[in-house]
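For reference, the structure is listed below as structure tokens.
Read-outs: derived from the displayed coordinates by stated rules, not from any lab. These figures come from a predicted structure and were not determined experimentally. Cβ sites come from the backbone with ideal geometry, for glycine too, and all protein chains shown count toward neighbours.
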Amino acid sequence: MIKLKIFTLMVLLSLLLGITACGKEPASPTTVVVTEQPTDAPIKTTSQPSGTTATPTTRPGYFSRDELIEDARQLADILESTHPDPYIRGGGKIAFHRRLRQLLNAIPEEGMTRDEFVRLLRPFIAAVGDGHTVIRYDYLLNDSFPRGVPLRFDIVEQSLYVSGVPDEENIDLLGALLVSVEGVPMVELCERQERLEGTENLYHALQLLARHSLWYKQYMQDLLPEWEDTSRVDVELQLPSDEIEEMSFTTSKAMNFLYKPESQVSLPTTDQSGFLYEFVDAEQKIAYLRVDHMLYYREAYEIWAWAGSRPTTEIQRSAIPSATEIFRELVVEMKEAGTETLIVDLRDNDGGHSLMADILLYFLYEKEDFMAVETYTPAAGGGEIRRYSRLYFESCTNKSIEDFNEGRAVPLIEGDYNFDDDFTDDEEKVRQLFQESETPAFLERWLNRSPTFYTEFESAAYAGYYRPERILVLVNPRTFSSGFTMAKYLYLAGATLVGTPSSQASNCFGEIIEWKLEHTSINGFVSSSYFNTFPNDPELGRVLPVRYPLTYETLASYDFDPNAEYLYALEHLSENGE
């Protein structure tokens, strides 16, 4: 029997997008800004999408064909001059320019509205195949009345299941698997999604379907152009009883409240910092570290201040919680208690600044293991390749190309790639780094941007201070960007992943830079770096596997509990001692 709890849908109005290429890795791009409105009220946003600054030269609300052509060419130039490789996942350079030509030819003589132009741009950007290269605000959206499928979906295995319903009369649909929408089966929905937005893997496509394309009318119209009567939507579901149910829903439902299964456990919730730890049991044998995001901690702000992307004073930064201090307290308390298991909860952590991953790794693992992960040794090579474009230096105002040319026989120029942190199949380069210094120069440059952590790192007082016998990491498809980096680092160091694989690929693009088109003022993000974690294993590079995957059968055994991953981890601890 599923116990129900009513949830109010809380909209995260902070954009989670202040992280640029000046840091190490970005937060995941957010495209939705919404506010509650009555059914018939005009849709408003708390942060209006751009697109009203240019003066249309045709009908009111339209931009001229010439303006749109210039914006399209500007976007193509941004992708080609800034992105490390905008061609590799889209068929090559000729295919890129074929799509650009098709885009230009599709602009009608009378011009287009902003939304019409966005609809034209989305497949062009999607073909880059990068989940971090996106339009920032696609459409004006109303979160109270999204007008898509009035069911909340989540991901289990490689399917979507109903995790929330707006009406008590439909609670029997909780746990049902989605079969089709408007007669289009799930397989085709995923294929269509990949053509609309850059995806990292299948879990990313499922995530975008669940959060955007099946939830909001505007996205659903892109996904299902055959959907003509948008006042209703036909959905086919497979109930937990295996019975197939064909249903038709009105799309005008208010979605302020959802009925969801009530959890068997009450986990601690974080404050603005987004991270905390507690002990699960009185004997303190199990510690629980929750990291909801990596946006608000002192060390990140120190790096942003260094780069000039988010200036703050030392006094302001001193009031921000420190990951160094909190993680130090965690390992000290675990050592005193003889803690046997650490559960790191990274579910729904869609990013921030990834230095927190380095900090946690430092306190848990011996220096040799720490260095091995930082130099990609467990991944049999790999590394990070950065591109220094004009847009990069416009974003990182405190930096110039000269800052990266010290000691180089052949200096870098604008548009070049920096391979200093790339160790792909180059064991000799790794050995040479450690011969030159106990701490490789590239790592020294990275860590000393945060005085708070670097002071601890230099002292090595708590390096590898304590590691419980077992480290279990809870992940789901919304574990993305810097949240994924923390999961990946722990995986490389030997931790055990539990849940559903991340929608982030290990071999991926990242470190976003914001762009803005001249006439329509449409803005978005483009990656400036490539992270090549598993150069010799494309499958592992696309999906980081979990050791204990949450199957549909297991999820159903917990009555579709929203904390099923946590319960599953505890079950393994009690049954297997792992």
Taking the chain and counting helices only, DSSP H stretches of n ≥ 4 at -39,500 (n - 2.57) each over all residues, the nearest-500 ellipticity at 222 nm comes to -9000 deg cm²/dmol
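Calculate, for residue 269 and residue 94, the FRET efficiency according to 1/(1 + (r/R0)^6) with r their C-beta to C-beta distance and R0 51 Å; round to the nearest 0.05. Mind dumping the intermediate values first?
Details: r = 51 Å, r/R0 = 1.01.
According to the calculation, E is roughly 0.50.
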Inter-centroid distance (Cα atoms) of segment 531-577 relative to segment 67-125, Å:
38
In the chain, what percentage of the DSSP-assigned beta bridges are antiparallel, given to the nearest 5?
75
Exposure-ranked with fewest Cβ neighbours within 10 Å first, 178, 567, 355 stand as 567, 178, 355
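Using 0.36 nm per residue, how much length does the chain from residue 77 to residue 310 gain when fully extended, once their Cα-Cα distance is taken away?
Details: separation 233, 0.36 × 233 = 83.88 nm, distance 2.64 nm.
Result: 81.2 nm gained on full extension.
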With the crude spin-label approximation of a point 7 Å out along Cα→Cβ, what separation in nm comes out for residue 243 versus residue 168?
2.1
Residue ranges of DSSP H helices in the chain that stretch 24 Å or more (Cα, own long axis) and have mean Kyte-Doolittle hydropathy of at least 0.0 are none
Relative exposure of 537, 403, judged by other C-beta atoms within 10 Å (fewest first):
403, 537
Could you check the spin-label model distance between residue 403 and residue 109? Points 7 Å from the Cα along Cα→Cβ, value in nm.
5.1
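Compute the length gained on full extension between residue 516 and residue 390: take 0.36 nm times their separation in residues and subtract their Cα-Cα distance, giving the result in nm to one decimal.
Values: separation 126, 0.36 × 126 = 45.36 nm, distance 1.38 nm.
Taking 0.36 nm per residue and subtracting the Cα distance, the gain is 44.0 nm.
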